[in-house]
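**Student:** Below you will find the structure I want to go over with you.
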Amino acid sequence: MQRLENYFDYAATTPILPEVRDAMNPYFNELFGNPSAPYAFAQRAFHAVCQAREKLRVHFNASADDRIVFTGSSTEAANQVIWSCVLDHWRKTGKAGTVLISATEHSAVRNTVYGLAKMGFCEAEIVPVGADAKVRCDILEEKIAARPILVSIIGANNELGTIQPVAGIAEICRAVQVPFHCDATQLAAHSLIDLQTAPIDYLTISAHKLYGPKGIGAIVARDGAVLNPMIFGGSQESGLRAGTENVAYIVGMAEAYRILKTDFAVRSAQERKIRDWIILGVLSEIPDSRLTGHAEDRLSHHASFSFRNVDSLLLQSALDQRGFAVSIGSACRSNQIRGQQQLIEIGLSPEWINGGLRITTGLYSTSDSAAALLAALKDTVRTLRSLTA
Ligand SMILES: Cc1ncc(COP(=O)(O)O)c(C=O)c1O
């Protein structure tokens, strides 16, 4: 039996809060009606979807005319935004426009843009990041002068934790009227995003990074920003996403964001306290270790490291055998190169790129479980190094 306090992969997903489950439950049971049905019985479900939408609007301080579309995941939300912009440009001009993305996008964005580029609908252009994984805004400003059709930049990096200067990027894009998509799947789970302060044209989010259900996401699209359906059928979601609404999950998502706001100060202080303790412990007690990503501007629950000349696959597996869940991110396996693409992007040399490890804390992390994880990590790194010395 796995112990919940030994789970240190909250950036991958989180368990559902009991309050979220309670809010969802009626929509699996007595309030199961189809929101599109006209009778009173089903209208309770319809109103629940409307209410959830309004709660998210308030949460993100979106304008009354901005559109909030529920999707099946954050990945689907990012796909819909990118497909919409790319195909709209293609339809209007018959030409492939350029999509500017950062070098450290999640595959939800990167592979969507590359996939569309492979089909000839767009071209992908990369904005590099610095050694701290911050997007090079000076280069963004240069590249945006060529008028890409979309800029898509992750709000906070899932593997390295670095938070991007989202409001500044939004201003750069707005100044030249290029739409800006921010994949805020991680950022929105650990900060309170205000769309009046950060004029983002498309925000994409999910629920399962903040103690809500998996399999639900949303797009918050500024009024007037191009957005077309990607799934055709019925006229749900104002014709922008066909299919009977996943009422319980939509309700659960709104509830997860409501609780995030209410508990924000306490929750982020708690996850940061344990996270900082782990960072200090690793850097001071494990030789040849380094923090990856930005030292301060990082997600409050996020610690990421690299261990010199250590194979993180073995490290993760050894920690798993001791009952700890940690992540090594998306390891790049192409062309026999073993290493993490994001560590290459931030310029680490070969002896560091196989040793990436991500530890993310959350509601059920304790000082004791963090201490046990640190002890296991120290021991495992030492053993792995002695085997290859
Ligand atoms: C930054 C980022 N974008 C997108 C996704 C995909 O989210 P979903 O699982 O809701 O599709 C993730 C999930 O890890 C993520 O971290």
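**Student:** Run the dipole for the chain about the Cα centre, Lys and Arg Cβ at +1, Asp and Glu Cβ at -1, nothing else charged, and hand back the magnitude in debye, nearest 20. Don't skip to the end; give the middle numbers.
**Tutor:** Numbers: 37 positive and 39 negative charges, 84 e Å.
The calculation lands at about 400 debye.
**Student:** Are there any chymotrypsin sites (Phe, Trp or Tyr not before Pro) in the stretch 233-288 that are in a DSSP loop and have at most 14 other Cβ atoms within 10 Å? List them by number.
**Tutor:** Here no loop site has a sparse enough neighbourhood.
**Student:** Another question, then. Which net charge results for the neighbourhood of Phe305, defined as the other residues with beta-carbon distances under 9 angstrom from its beta-carbon, given Lys and Arg at +1 and Asp and Glu at -1?
**Tutor:** After counting each charged neighbour, the total is +2.
**Student:** Still on this structure, I have one more. Using Cα positions and a limit of under 12 Å, work out the aspartates and glutamates in reach of Lys143, with same-chain residues fewer than 8 apart set aside.
**Tutor:** Glu125
**Student:** Please report the orientation-averaged projected area of the chain, defined via the convex hull of its C-alpha atoms, in nm². Numbers along the way, then the final one.
**Tutor:** Numbers: hull surface 80.3 nm².
Value for the chain: 20.1 nm².
**Student:** Okay, moving on. Put +1 on the Cβ of every Lys and Arg and -1 on every Asp and Glu Cβ in the chain; which of Ala372, Ser386, Phe46 then has its Cα farthest towards the positive end of the dipole?
**Tutor:** Selected residue: Ser386.
**Student:** Give me the distance between the Cα centres of the stretch 262-326 and the stretch 353-387, rounded to whole Å.
**Tutor:** 7 Å
**Student:** Also, I was wondering about something else. Taking neighbour Cβ counts within 10 Å as the exposure measure, how do Leu373, Leu240 sort from fewest upward?
**Tutor:** Leu240, Leu373
**Student:** Highest first, please rank the peptides 379-385, 97-103 by the mean number of other Cβ atoms sitting within 10 Å of their residues.
**Tutor:** My ranking of the peptides, most packed first, is 97-103, 379-385.
**Student:** OK, next. Please list, by residue number, every one of the GluC sites (Glu not before Pro) in the stretch 74-166 that is coil in DSSP and has at most 10 other beta-carbon atoms within 10 Å.
**Tutor:** Here no loop site has a sparse enough neighbourhood.
**Student:** Got a sec? How would Arg258, Arg358 order by Cβ neighbour count within 10 Å, fewest to most?
**Tutor:** Arg258, Arg358
**Student:** Quick check on the stretch 110-162: take the gyration tensor over C-alpha atoms, sort the square-rooted eigenvalues as a ≥ b ≥ c, and tell me if it's rounded (a/c under 1.5), prolate or oblate.
**Tutor:** oblate
**Student:** Net charge within 13 Å of Asn34 by Cβ-Cβ distance, Lys/Arg positive one each and Asp/Glu negative one each, not counting Asn34 itself?
**Tutor:** Combined, the nearby Lys, Arg, Asp and Glu give 0.
**Student:** Hey, what angle do you get for helix 107-118 against the long axis of the chain, alpha-carbon based, 0 to 90 degrees rounded to 10?
**Tutor:** 70 degrees
**Student:** With a point put 7 Å past each Cα toward its Cβ, work out how far Asp276 is from Ala242 in nm, to one decimal.
**Tutor:** Result for the modelled spin labels: 5.3 nm.
**Student:** Over 20 Å between Cα atoms, which of Lys134/Lys261; Lys95/Lys118; Lys134/Lys209 qualify?
**Tutor:** The answer is Lys134/Lys261; Lys134/Lys209.
**Student:** If you rank Ser107, Ser284 by fewest surrounding Cβ atoms within 10 Å, what's the result? Walk me through the intermediate numbers first.
**Tutor:** Numbers: Ser107 12, Ser284 9.
The fewest-first ordering by Cβ neighbours comes to Ser284, Ser107.
No lab work stands behind these numbers, since they all come straight from the coordinates. Given the structure is predicted, the values throughout are model-derived calculations rather than measurements. Because the Cβ atoms are built from the backbone with ideal geometry, glycine has one as well, and the counts that use them run over all protein chains shown.
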